[in-house]
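Here the structure comes first, spelled out in structure tokens, and everything after it is commentary.
The values are calculated or read from the model by the stated rules, or taken from the named source; none is laboratory data. A quick note: this is a predicted structure, and the numbers were derived from the prediction, not measured. Ideal geometry is used to build each Cβ from the backbone, glycine not excepted, and the neighbour counts take in all protein chains shown. Calculation scope for accessible area: heavy atoms of the full protein, side chains included, ligands and nucleic acids excluded. Shrake-Rupley method; radii C 1.70, N 1.55, O 1.52, S 1.80 Å.
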Amino acid sequence: MGNQVEKLTHLNYKEVPTADPTGMDRDEGPRIGVSYIFSNDDDELEQQQDSVHDLGGEHPALQPYDPQLHEVECSVYYRDECIYQKSFSEEDMLPEEGDEGGGGHLSTYTPENLLNRCKPGDLVEFVCQAQYPHWVVYVGDFQVVHLHRLEVVNSFLTDASQGRRGRIANQLYRYKPLSPATVVRNALEQVGCKDRDLSWRNSECFAAWCRYGKREFKIGGELRIGKQPYRLQIRLGDKRSHTLEFQSLEDLIMEKRRNDQIGRAAVIQELSSHLQAAEEEEEEEEEDHHPGARTAVE
């Protein structure tokens, strides 16, 4: 890809700029954010699946998928405005209005079941354990448009799912959506766009751009200067959360998707290790500044 730069990523949360572990945002001046350069996570997923076919095998049998067990609860803020939220609260798991027999908006369904629920202009998120979520735009007649292997393509919903369960993802982002006709037109106009002509790094950014029309979902849609205005708040428990800061929505989405791919347990383990190390460093610094403190207590 011409001047493609080798992707940059971080090895663990110790390398990621964070806000206060309690979730309180302290103004300590600008931090250097994490940038993902030409990192196409959906391509990594396709390569893993191709390796299965190269060996003459079939897709591995899917284990029962429980969103509350595998997915990370999180919220995304632009300054003080919440622009995305995934929460498994009782309210979010209640059936939607007019959806008889269905669950909340985070419930997942088989591809065949989704066909009975989707309307043109809807966003669909396909999910599976240990894989990046794959987002598509439903355009009607059982078909979707999505970013697949560095190309925007038109597929049948059942083919795009690759056997994964999915959900209608219209309620995750809180931006005002465009009209269904405009969403469908946005998606169809991009069919055939590929390689260096692409303006999106992954299927989620492409689908969200089609529905909301915001440049923030495009590659380089925002300047990465000054203080990070975006915050990814990850819920660790009932009263505990951890916040990461980013200079662009594009970079934040890449991190959010990485969390989805490694799973809830791994994310909590990473953060717990990071927070424990940070607390130990603070204790050591406090002892260095007050060497007689421990002796006095003892």
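Here are some notes:
- Pairs meeting the criteria (first residue in segment 161-172 and more than 19 Å from VAL184 (Cα to Cα) and of a type outside the set (Asp, Glu), second residue open to solvent by 40 Å² or more (accessible area, probe 1.4 Å) and not in a strand (DSSP E or B), beta carbons under 7 Å, at least 6 apart or on different chains) are GLY163/HIS59; GLY163/LEU62; ARG165/TYR65; ARG165/THR110.
- Residue ID - modelled with the lowest pLDDT, chosen from residues in segment 71-116 that are of a type in the set (Asp, Glu), surrounded by 14 or more Cβ atoms within 10 Å (Cβ to Cβ) and under 30 Å from SER248 (Cβ atoms): ASP92
- Residues being more than 20 Å from the chain's Cα centre (by Cα) and part of a loop (DSSP other than H, G, I, E, B) - total across segment 122-148: 2
- Yes/no for GLU250 being among the charged types (D, E, K, R) and surrounded by 15 or more Cβ atoms within 10 Å (Cβ to Cβ): yes
- Complete set of residues in segment 131-181 that are under 18 Å from TYR212 (Cα atoms) and open to solvent by 50 Å² or more (accessible area, probe 1.4 Å): GLN171, ARG174, LYS176, PRO177, LEU178, SER179, PRO180, ALA181
- Verdict on GLY192 being on the phi > 0 side of the Ramachandran plot, assigned to a loop (DSSP other than H, G, I, E, B) and open to solvent by less than 30 Å² (accessible area, probe 1.4 Å): no
- Of residues in segment 260-298 being over 22 Å from the mean Cα position of the chain (by Cα) and not in a helix (DSSP H, G or I), the one modelled with the lowest pLDDT: GLU298
- Residues of segment 220-247 that turn out to be at pLDDT 95 or above, hydrophobic (A, V, I, L, M, F, W, C) and open to solvent by 10 Å² or more (accessible area, probe 1.4 Å), as a count: 0
- Residue match in segment 195-213 (condition: farther than 20 Å from LEU106 by Cβ, open to solvent by less than 40 Å² (accessible area, probe 1.4 Å) and among the basic types (Lys, Arg)): yes
- For ALA160: the one exception among (1) more than 17 Å from the chain's Cα centre (by Cα); (2) in a loop (DSSP other than H, G, I, E, B): (2)
- Filter result for ARG257 (open to solvent by 20 Å² or more (accessible area, probe 1.4 Å) and in a helix (DSSP H, G or I)): no
- The single condition among (1) assigned to a helix (DSSP H, G or I); (2) of a type in the set (S, T, N, Q); (3) within 16 Å of the chain's Cα centre (by Cα) that GLN171 does not meet is (1).
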